[in-house]
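S.K.: Got a structure for you, written out below as structure tokens; questions coming shortly.
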């Protein structure tokens with residue numbers, strides 16, 4: 001692919017990014033995330049859970065199994081998070097945005113899928 005085509009695809013991707021942030025789904029997610037950040041205890045729990053999740057994923061990628069204690073800790077945090085209406089709203093809004101992104105991905109990759117099906 002020549003540079004002109006790469007530049008055009010990059011320009012289109014940039015336009016898509018700009019459109020994405022104007023969607024209702026992105027706006028809802030952003031507003032909920034702002035609500036989450038305004039609640040220090042819940043935000044701290046959310047950030048701790050993200051860190052724990054990342055550490056567990058890194059262990060698995062390295063072929064190391066998490067300890068029972070690490071698993072129990074992650075499950076306890078997940079349970080606490082499940083009790084938060086803000087985090088529940090965030091997850092719901094994230095899922096809605098992921099649906100939009102999945103639809104876009106399906107459209108973009110359709111030619112590739114059709115190529116392999118032919």
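S.K.: With a Förster radius of 41 Å, plug the Cβ-Cβ distance of residue 98 and residue 69 into 1/(1 + (r/R0)^6) and report the FRET value to the nearest 0.05.
M.R.: Result of the calculation: an efficiency of 0.85.
S.K.: Here is a further query. Calculated FRET efficiency, residue 34 and residue 59, Cβ-Cβ r, R0 35 Å, to nearest 0.05?
M.R.: 0.65
S.K.: With semi-axes √(5λ) of the Cα gyration tensor in Å in mind, check [x] 38, 15, 11; [y] 34, 22, 13; [z] 46, 22, 18 and report the label derived from this structure.
M.R.: It is the one labelled [y].
S.K.: Same structure again: Roughly speaking, what is the stretch gain from residue 109 to residue 88, that is 0.36 nm per residue apart minus the C-alpha to C-alpha distance, in nm to one decimal?
M.R.: Taking 0.36 nm per residue and subtracting the Cα distance, the gain is 4.5 nm.
Laboratory data are not the source of any read-out in this text; all were calculated from the coordinates shown. Just so you know, these numbers come straight off a predicted model, no measurement behind them. Methodologically, a virtual Cβ is constructed for each residue, glycine included, from the backbone with ideal geometry; neighbour enumeration extends over all protein chains shown.
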